[in-house]
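The values are calculated or read from the model by the stated rules, or taken from the named source; none is laboratory data. All figures in this text were calculated on a predicted structure; none of them were measured in a lab. Because the Cβ atoms are built from the backbone with ideal geometry, glycine has one as well, and the counts that use them run over all protein chains shown. Side chains included, ligands, DNA and RNA excluded: accessible areas come from the protein's heavy atoms. Shrake-Rupley method; radii C 1.70, N 1.55, O 1.52, S 1.80 Å.
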Amino acid sequence: MAQKAIREADGKAMMARLLMDYTDGKHKIQNRFISVGPQTDLKKLPNKYKWLQKEKLVVKPDQLIKRRGKSKLLLLNTDWKEAEKWINEQMNKQITVGTVTGVLDHFIIAPFVEHDEKDEYYVAITSEREGDTILFHHEGGINVGDVDAKAIKLFVPIGEVPTAQEIEKKLLGKVPKERKALIAEFIEGLFTYYADLNYTYLEINPFVVDGKAVIPLDLAAKLDDTADFVSANKWGSIDFPAPFGRTMTKEEAYIEELDSKTGASLKLTVLNPEGRVWTMVAGGGASVIYADTITDLGFMEEMANYGEYSGDPNEEFTYLYARTIIDLMTRKKNPKGTFLLIGGGIANFTDVANTFRGIIRALREYKKKLRENKVKIYVRRGGPNYKEGLNQMRALGGELGVPIEVYGPETHMTKIVSMALKGDK
Amino acid sequence: MAKKATTKTKTANKKSYELFNRDTQAFIYNMQVNATQRMLDFDYASGRETPSVAAIINPTGSESLQKFFYGPKEILIPVYKSIERAAGKHKNVDVLISFASFRSAAKSAEEAFEIPRIRTIVLIAEGVPERQMRLINAKAKKLGKVIIGPATVGGVKAGAFKIGNTGGTIENIIESKLHRPGSVGFVSKSGGLSNEAYNIISRNTDGLYEGIAIGGDRYPGSTLLDHLLRYEEDPNVKMLVCLGEVGGEDEYAIVDALNAKKITKPLVMWVTGTCSKAFKTEVQFGHAGAKADAEAETADAKNAALKKAGAIVPNSFDDYAEKINETFTTLVKKKVITPAPETEAPKIPLDFNKALSAGVIRKPASFISTIADDRGEELMYGKMTISDVFKKDIGVGGVLSTLWFRKLLPAYATKFIDMVIMVTADHGPAVSGAHNTIVAARAGKDLISSLVSGLLCIGPRFGGALDGAAQQFSDAYDQGLAPQEFVNSMKKKGVNIQGIGHRIKSIHNPDMRVTIIKNYVKKNFKTTALLDYALEVEKITTSKKDNLILNVDGVIGICFVDLLRSELTKEEADEYIRMGALNGLFVLGRSIGFMGHYLDQKRLKQGLYRHPWDDIAYLME
């Protein structure tokens, strides 16, 4: 439901398939980009792609990792034998890039393009409210540096299209004369391609000019996935990979699966399974605020999860969602006790009593473990039928022998956070 | 007429900062019955003289009038096919509230652009492509239109005008005092949180004056700043409250406006998403725009910048309410605000459904059903979900036993039901029912009429022997009549024994259908008491005439009694027979054949059948 990054291999394959149509057939990019995933049978590739064993190759991880060159995640000017060996070594390997640790499982293989550094150019297109900006620099490549400061920019108001002449005049001042027309046409086509296919970001760094051909060497792109209903046919089969390092736990995957089965929304991210502050908050906006407040009060390290349920999930789904969280939070005892914040704003139309029934069922099921783990529960909620829902929660405290404090709209939404955590630091 | 004229002038007199007032009327795009009713409830609670909805645009339906409640009484609201048609009839409307889906939201806005008088366009849909929205926004700017949304619940001007579902239930609207104006101008991205904000405002100030949720998308039609600037201009707004969000740079436009003194009224503001630093990889929160791509887009950076520019920024959302309260109290002390008086909202009658679910009222149901339920997540046949019906592969016989006898009979029994349906499915084109179906089909009638004309033949002489046989044999058996006594008594009464006799088949030339069923029943049934009895009777009747055999109707009817009596209580079993369940089996089975004959005739393009004169003896005297 927003701007989503795509894999380099998908982005390049799309260009190879379609850029021609946006440049009057002038810029044909050969589709020689192979995407390798965990299921790919490497042995079968040379048969399918004859050029693999004839040409020099480049292999890179294709998982939205920035600055791969600098992290030594590149295999350049190699042959198929080496490439295969390297991929086999790297596949499923855990690596750390910056602060993020993740597992390598997608690669792109492309022909190695022999070229001079002075043939490398930088181009990017970005989008803002009022229009799109084309950024260009005649010295592209990994050392391009701070493009925001360095690149020449051409702002194109939304709905307008720049001409090749305009591009040449405004952006290509430092490009050798004999290449100006070629690059201008390429960028002109690239812009309409970008706009028509609902891209929201596209960076090619570098592309090289080889005779009459423009070859993209490295590409990063984002699409507006809400435009799926307009552009899906042209996009072809692409996926929107999760950011590098975001591998889902079993419970997160389970909630994602539940989420896909209902029109309502169920989300869960486990931040720290040993954290002492767990939340079960209704509403996308409210859930962020609860997480904020925990952070603002200095309990960032203790925040165990982020998540939300909204859109009036039925009792059964709410129960399954609550059970997953309660199970996670009662796996390991913490001598200082654990907090569960069942929070939410004033619902528009979600039936509070109904969703609470599901949560109560899960709490009952874990009665023993909740007691053993010294869990303290705080509830705050408003909306349709909230009085009944809150009364049920109040009654539950006595029944379970677990301290449950219950508040309604008269209490500030996040007050339960400070109530729970005050004096705890 | 006079009234209309005044409304018109009032609209024309709206100030540039004023999008809505107590006379504003809107078009609702797409048939949104609930949202419309909620707007009308708000209108009534606010004491508006005219409803805020002038008409509904239903592009896929036909033009009509739709009934709604206005307080306790009912009113009619016209429905048109296009905005243009509606605008031609309602000259005072300057707001369009579009519930068009993400696919057609942009198109609905384009359509509204064609009507010069429409000034404010609200787009509710979530998931409108960014480029489409940017184009719409650029065009709106050129034409001087105001867009609220997309991906929003809308907004509310307290006591004057409410967009769609804003504010939740009517109870909440009145609890949050949205039915009368206060002094606070509020704007947020989130629609979900706006309700909470109205609650906070109602508890800490004299109430909301106007609140807008601009929507969570990256490129909303109007920005936080746009609305803050309107509130700045509006003399009725005394203080500003705003809720921003991580991602995007809109909040910096507010910082600039504060620095440039374009905003001078006190502004209490908080940017949510300070928790994003707790996440290691980038996180997309609930809203499309809520993602920080750069340090400046983080909530911490924005809160700091706002504070520096003079906004009243709490330390956390936790003391947001306190800051709002302090600011309000100061303004009252300074006599900038004279707190708005409390007014009682007229009572809106409770909706029947709501009252029912709240347990406030009750009413005896006019109908009862104990066999199927379509209300839950899944269709239920008896106690079985439709997915279990297939998982357990209970077959047509299983479904039938569940729906007819409220019990899933064991496999031998459901298989028997399947057999009965198969065996009775057809008996050729010459039997009276099939003939009737064929004649009707050839007269050009449709499937249902042709089928029914065949079914209407089923009765005592055609197919009805199932019932009759079951009844006669079980009566005799239950009375303890010996087979010979039974045959004698029937003879004495001059009544044919139902289920006995066949036109062609005889003891020497048995009917295969009967043989198949008999064998199955003998092998699988728990009891065959009545079948055994009937076979004794058959021995007697065939000794008189060899075609007086137990026929297919008889064997089915009789075996079914054995079946029901071994699976249900005798009373239940007898009642089902009395109610005609057996006839039902025949009707069900034979419908397959009748429809086959109907399709056969249609496929063969058979013309109208007319019976030949020579086959009718005209005996007029």
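Side notes on the structure shown:
- Unmet requirement for A:I187, which otherwise passes all of (1) outside any helix (DSSP H, G or I); (2) in contact with a helix residue (DSSP H, G or I) (Cβ under 9 Å, 6 or more places away or on another chain); (3) surrounded by 16 or more Cβ atoms within 10 Å (Cβ to Cβ); (4) at pLDDT 95 or above: (1)
- On the stretch given as segment A:228-250, residues that are open to solvent by 30 Å² or more (accessible area, probe 1.4 Å), away from chain B (no Cβ under 12 Å) and out of contact with any Lys or Arg (no Cβ under 9 Å at 6 or more places or on another chain) total 4.
- Residue in segment A:141-157 that is of a type outside the set (G, A, S), within 20 Å of A:Y22 (Cα to Cα) and within 13 Å of another protein chain (Cβ to nearest Cβ) present: yes
- Candidates in segment B:161-179 are the residues that are in contact with a Ser or Thr (Cβ under 6 Å, 6 or more places away or on another chain) and open to solvent by 10 Å² or more (accessible area, probe 1.4 Å); of these, the one that is nearest to B:K347 (Cα to Cα) is B:H179.
- Scanning segment A:76-112 for residues that are within 18 Å of A:L217 (Cα to Cα) and in contact with a helix residue (DSSP H, G or I) (Cβ under 9 Å, 6 or more places away or on another chain) yields a total of 9.
- Restricting segment A:190-227 to residues that are within 27 Å of A:L73 (Cα to Cα) and within 14 Å of another protein chain (Cβ to nearest Cβ), the residue that is most open to solvent (accessible area, probe 1.4 Å) is A:Y201.
- Pairs where the first residue, in segment B:168-197, is assigned to a loop (DSSP other than H, G, I, E, B) and the second is aromatic (F, W, Y) and open to solvent by less than 10 Å² (accessible area, probe 1.4 Å), C-beta under 8 Å, 6+ apart: B:S176/B:Y198; B:L178/B:F42; B:L178/B:Y198; B:H179/B:F42
- Residues of segment A:354-368 satisfying the condition of being surrounded by fewer than 21 Cβ atoms within 10 Å (Cβ to Cβ) and without any contact (Cβ under 8 Å) to a residue 40 or more places away in the chain: A:R364, A:K367, A:K368
- Selection within segment A:258-271 - assigned to a loop (DSSP other than H, G, I, E, B) and more than 8 Å from chain B (Cβ to nearest Cβ): A:T262, A:G263, A:A264
- Options B:D234, B:D226, B:D256, B:D250; residue that is facing chain A (nearest Cβ under 10 Å) and either open to solvent by 10 Å² or more (accessible area, probe 1.4 Å) or not hydroxyl-bearing (S, T, Y) (or both): B:D250
- Enumerated strands (runs of 3 or more DSSP E) restricted to segment A:272-377, each holding at least 3 residues that are basic (K, R) and within 14 Å of chain B (Cβ to nearest Cβ): none
- Residue in segment A:394-423 that is farthest from the other protein chains (Cβ to nearest Cβ), counting only those that are assigned to a loop (DSSP other than H, G, I, E, B) and farther than 24 Å from A:D296 by Cα: A:G401
- Residue in segment B:153-160 that is under 27 Å from the mean Cα position of the chain (by Cα), assigned to a strand (DSSP E or B) and either within 14 Å of another protein chain (Cβ to nearest Cβ) or farther than 23 Å from B:N21 by Cα (or both) present: yes
- As a summary of the residue check, A:N391 satisfies the conditions (1) open to solvent by less than 20 Å² (accessible area, probe 1.4 Å); (2) within 14 Å of another protein chain (Cβ to nearest Cβ); (3) more than 30 Å from B:G215 (Cβ to Cβ) except for the one numbered (1).
- Which numbered condition B:R103 fails, given (1) at the interface with chain A (Cβ under 9 Å from one of its Cβ atoms); (2) in contact (Cβ under 8 Å) with a residue 40 or more places away in the chain; (3) not hydrophobic (A, V, I, L, M, F, W, C): (2)
- Count of segment B:391-414 residues which are out of contact with any Lys or Arg (no Cβ under 8 Å at 6 or more places or on another chain) and assigned to a helix (DSSP H, G or I): 12
- Pair list, Cβ under 9 Å, 6 or more apart: segment B:351-377 residue over 17 Å from A:P384 (Cα atoms) and open to solvent by less than 90 Å² (accessible area, probe 1.4 Å), other residue part of a loop (DSSP other than H, G, I, E, B) and hydrophobic (A, V, I, L, M, F, W, C): B:I361/B:L350; B:A372/B:L379; B:D373/B:L379
- B:D23 meets all of the listed conditions (1) outside any loop (DSSP other than H, G, I, E, B); (2) open to solvent by 30 Å² or more (accessible area, probe 1.4 Å) but one, namely (1).
- Subset of segment A:2-37 [part of a helix (DSSP H, G or I) and open to solvent by less than 40 Å² (accessible area, probe 1.4 Å)]: A:E8, A:A9, A:D10, A:G11, A:K12, A:A13, A:M14, A:M15, A:A16, A:L18, A:L19
- Taking segment B:311-326 as the range and being more than 12 Å from chain A (Cβ to nearest Cβ) and either surrounded by fewer than 18 Cβ atoms within 10 Å (Cβ to Cβ) or assigned to a helix (DSSP H, G or I) (or both) as the test, only B:E326 passes.
- Subset of segment B:74-109 (residues that are in a helix (DSSP H, G or I) and open to solvent by 70 Å² or more (accessible area, probe 1.4 Å)): B:E84, B:R85, B:K89, B:K107
- Exactly one residue among A:I255, A:I238 is in contact (Cβ under 8 Å) with a residue 24 or more places away in the chain and either more than 16 Å from the chain's Cα centre (by Cα) or in a helix (DSSP H, G or I) (or both), and that residue is A:I255.
- Considering segment B:479-566, the qualifying helices (runs of 4 or more DSSP H), each wholly inside and each with 1 or more residues that are touching a residue at least 60 places away in the same chain (Cβ under 8 Å) and in contact with a strand residue (DSSP E or B) (Cβ under 7 Å, 6 or more places away or on another chain), run over B:529-544.
- Being among the charged types (D, E, K, R) and not in a helix (DSSP H, G or I) is a description that does not apply to A:K180.
- Every listed requirement among (1) crowded, with 19+ Cβ neighbours inside 10 Å; (2) in a loop (DSSP other than H, G, I, E, B) is met by B:G468 save one, (2).
- Yes/no for B:T385 being among the polar types (S, T, N, Q), free of Cβ contacts under 8 Å to residues at least 12 places away in the same chain and open to solvent by 80 Å² or more (accessible area, probe 1.4 Å): no
- Odd one out for B:I417 among (1) part of a helix (DSSP H, G or I); (2) touching a residue at least 60 places away in the same chain (Cβ under 8 Å); (3) open to solvent by 30 Å² or more (accessible area, probe 1.4 Å): (3)
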